[in-house]
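Taking it in order: structure first as structure tokens, then the write-up.
The values are calculated or read from the model by the stated rules, or taken from the named source; none is laboratory data. This is a predicted model, so every value here is computed, not measured. No Cβ is skipped: glycine too gets one built from the backbone with ideal geometry, and neighbour counts run over all protein chains shown. Note: areas computed on protein heavy atoms with side chains; ligands, DNA, RNA excluded. Shrake-Rupley method; radii C 1.70, N 1.55, O 1.52, S 1.80 Å.
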Amino acid sequence: MTDNNQTQLGNTLWKIADELRGAMNADQFRDYMLSFLFLRYLSDNYETAAKKELGKDYPVLKESDKRTPLSVWYENNPDDVQEFEKQMRRKVHYVIEPSHLWNSIAELAKTQSKELLRTLQDGFKYIENESFESTFQGLFSEINLDSDKLGKNYEERNKKLCNIIQKIAEGINSFDKNIDYLGDAYEYLIGKFAAGSGQKAGEFYTPQRISDILSAIVTLDSQDPSKGEKKKIERVLDFACGSGSLLLNVRKKMTDAGGTIGKIFGQEKNITTYNLARMNMLLHGVKDTEFAIHHGDTLVNDWEILNEINPSKKLEFDAIVANPPFSYRWEPSEEMGQDFRFKSYGLAPKSAADFAFLLHGFHFLSKEGTMAIILPHGVLFRSGSEERIRRKLLEDGNIDTVIGLPANLFFSTGIPVSILVLKKCKKFDDVLFINAVDHFEKGKRQNNLLPENIDKIVETYRDRKEEIRYSRRVSMDEIIKNEFNLNISRYVSTSLDEEIIDLKEVNKKLVDLDKDITKARETHNKFLKELGLPPI
């Protein structure tokens, strides 16, 4: 499927969503729409694998027969079902009962069956509790099929769902049958719903262009980025993963470059967004054994696998990316000052947890790893406890690069943001500053980074290039003179230099001009005298 077709599919699904959501707000309808898309993906992937597994035994039905081939096989081979499902769990890591397949559900919708709602409820429950070996409990917890927003009683809700599913089925069927596009359509809709959510969107969505920059940075060689992309990343972490888009972007970047990722780890506090992330992974072909998404609070570090006190057993990551909430107000307890993540640096202030998020991720960064985190500019220059944390990170040689981005790139805020690149062991003694605030395309509601803007940032980081009014390698001596203030404009000013005025040259021009005036007056008076008139 071409990029153009993918965009058309996204637009078609978005139009359907806009038409059908009725009394629901966009956020509420998002969960229904994305869940149905997810069911469609699981079903198509499962039926393709089943057809391959059963070979010539896979039933071929007449066009008039609206049952699914798999339901017919189940009816004819009840004694073999258990073994078949065992094989499917081994090969695609999950099982879907024939009655819960998307094509079965879509047929119920098309015929306005009264059983649609009950079948959907059973299907979602089965997927949550029985489809996968690893638990996906609560995956559809935010979708209330009994919601009054769908109708006042069972019949009304059933009718509404029939209409929604039929429209989605018709919309998808008019496009390519390749299921890989469903992951892209899912991402597209997440972006569209995020754009419509405004302030709330910051909870789950990092704009694609910014995601591209972070992904490119963490996949380059950490010691010498000019060597190009890494061949393998054992573990990648996003501790504020939202819908998981940033993690998937890192994975795509690696696979496009011929590399591999061992396992993906993400953590998300918002339950709805946490479920979106789990679906997003599966929709992009990431097997349930290849990722771990935890629902929990990063700041209190409630994920068991990250709470190992024994340093020799500590889980470390080769790549860490994050777009945590900006200047989030938190309530650190006194005991938290002794937390292994913070005790060497001190606690971030209650008014802004930016450095608490940073230190959380940095603690789990491996010696060969790279961390890229999006933060507000305040972390670069605020005083007090934040200055102390910044100073220690600089004195320990952990801050590698500071990148200033243009304002108004996010759905959730119009403030300009920065990317900090950190490493446990970095090759260069200086700090690279990139001031990209003026390099963007201006939009009506939001500004955009163009591909050339992204390439310029990544190439400058990769080759550690210096360019007037754009980038500069700054020595620690200069940073110390500036009292560890990392305000980007102190080191890379984007303003044009004022023109130097040569006063001697200006004086000469004035003298010459005065001479010309005197000469012209004398000539003029000579003509007046010849005419018998008085001089001026």
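How high is the relative contact order of the range 367-513, given as a whole-number percent (alpha carbon pairs under 8 Å, six or more residues apart)? Relative contact order here is 24 percent. Given R0 = 45 Å, the distance between the Cβ atoms of residue 385 and residue 195 translates into a calculated FRET efficiency of 0.80. What relative contact order, as a whole-number percentage, does the chain give when Cα pairs under 8 Å and 6 or more residues apart are counted? For the chain, the relative contact order is 11 percent.
Just so you know, the Rg over Rh for the range 428-468 is 1.06, from Cα atoms, with Rh as the Kirkwood radius.
What separates the Cα centres of the range 255-285 and the range 108-138 is a distance of 23 Å. In loop segments of the range 449-484 as defined by DSSP, the GluC sites (Glu not before Pro) with at most 16 further C-beta atoms inside 10 Å of their C-beta are 466, 483. Taking N as the residue count of the chain, its C-alpha radius of gyration divided by 2.2 N^0.38 Å amounts to 1.29. Measuring nothing but alpha carbons in the range 204-304 and taking Rh as the Kirkwood radius, the Rg to Rh ratio lands at 0.97. Once you list every other residue whose beta carbon is under 12 Å from the beta carbon of residue 76, what net charge do they have if Lys and Arg are +1 and Asp and Glu are -1? Around residue 76, the charge tally is -3. How high is the FRET efficiency from residue 125 to residue 231, r the C-beta distance, R0 35 Å, rounded to 0.05? The calculated FRET efficiency here is 0.25.
Ranking 183, 127, 520 by how far each Cα lies toward the positive end of the dipole of the chain (charges on Cβ) leaves 520 at the top.
Over all distinct Cα-Cα pairs of the range 9-155, the Kirkwood formula returns a hydrodynamic radius of 16.8 Å.
Between residue 163 and residue 8, the modelled label-to-label distance comes to 2.7 nm, taking each label 7 Å out from Cα in the direction of the beta carbon. Counting protein heavy atoms only, the chain has 48 percent of its accessible area on carbon and sulfur, 1.4 angstrom probe.
Taking 15 Å as the cut-off, the amide N atoms of the range 379-393 that come nearer than this to a point 7 Å along the Cα-to-beta-carbon line of residue 344 belong to 389-393. Taking packing as the residue-averaged number of other Cβ atoms within 10 angstrom, the listed peptides 64-77, 346-359 run from highest to lowest as 346-359, 64-77. Relative to the longest principal axis of the Cα atoms of the chain, the long axis of helix 271-283 lies at roughly 80 degrees. The largest-to-smallest principal axis extents of the Cα set in the range 253-354 are 44, 34, 24 Å. Shown here are the Rg and Dmax of the Cα trace of the range 429-516, at 20.2, 61 Å. With N as its number of residues, the range 350-482 has a Cα radius of gyration that, divided by 2.2 N^0.38 Å, comes to 1.07. First measure r as the distance between the Cβ atoms of residue 289 and residue 57, then evaluate 1/(1 + (r/R0)^6) with R0 = 22 Å and state the FRET efficiency to the nearest 0.05. Efficiency for this residue pair is about 0.20. Placing a label point 7 Å from the Cα of residue 115 along the Cα-to-Cβ line, the residues of the range 123-147 whose backbone N sits under 15 Å from it are 123.
Built from the Cα atoms of the range 85-234, the convex hull projects on average onto 12.9 nm², one quarter of its surface area. In the assembled protein chains, residue 458 presents an accessible area of approximately 30 Å² (probe radius 1.4 Å). On the principal axes of its alpha-carbon atoms, the range 1-83 has extents of 47, 31, 27 Å, going from largest to smallest.
In the context of the full protein assembly, residue 305 retains an accessible surface of approximately 70 Å², using a probe radius of 1.4 Å and ignoring ligands and nucleic acids. Taking 17 Å as the cut-off, the amide N atoms of the range 91-127 that come nearer than this to a point 7 Å along the Cα-to-beta-carbon line of residue 155 belong to 112-118.
The residues of the chain expose on average 49 square angstrom of accessible surface per residue, using a 1.4 Å probe on protein heavy atoms. Rounded to whole numbers, the Karplus 3J(HN,Hα) couplings from phi for the range 333-341 are 7, 4, 5, 5, x, 9, 4, 4, 7 Hz, using 6.51 cos²θ - 1.76 cosθ + 1.60 with θ = phi - 60°, and x at Gly and Pro. For the chain, the mean residue ellipticity at 222 nm estimated from helices alone is -14000 deg cm²/dmol, where every DSSP H run of n ≥ 4 contributes -39500 (n - 2.57) and the total is divided by all residues, rounded to the nearest 500. Computed extension gain for residue 20 through residue 514, at 0.36 nm per residue and net of the alpha carbon distance, reaches 169.8 nm.
Across all directions, the average projected area of the convex hull around the alpha carbons of the range 274-322 is 4.4 nm². For the range 6-61, the set of chymotrypsin sites (Phe, Trp or Tyr not before Pro) satisfying both a DSSP loop assignment and a count of at most 14 other C-beta atoms within 10 Å is empty.
Remark: the residue 499-residue 481 segment gains 3.7 nm on full extension, using 0.36 nm per residue and subtracting the alpha carbon distance. If you average the alpha carbon positions of the range 472-536 and of the range 337-358, how far apart do those two centres end up, in angstrom? Rounded to whole Å, the Cα centres lie 53 Å apart.
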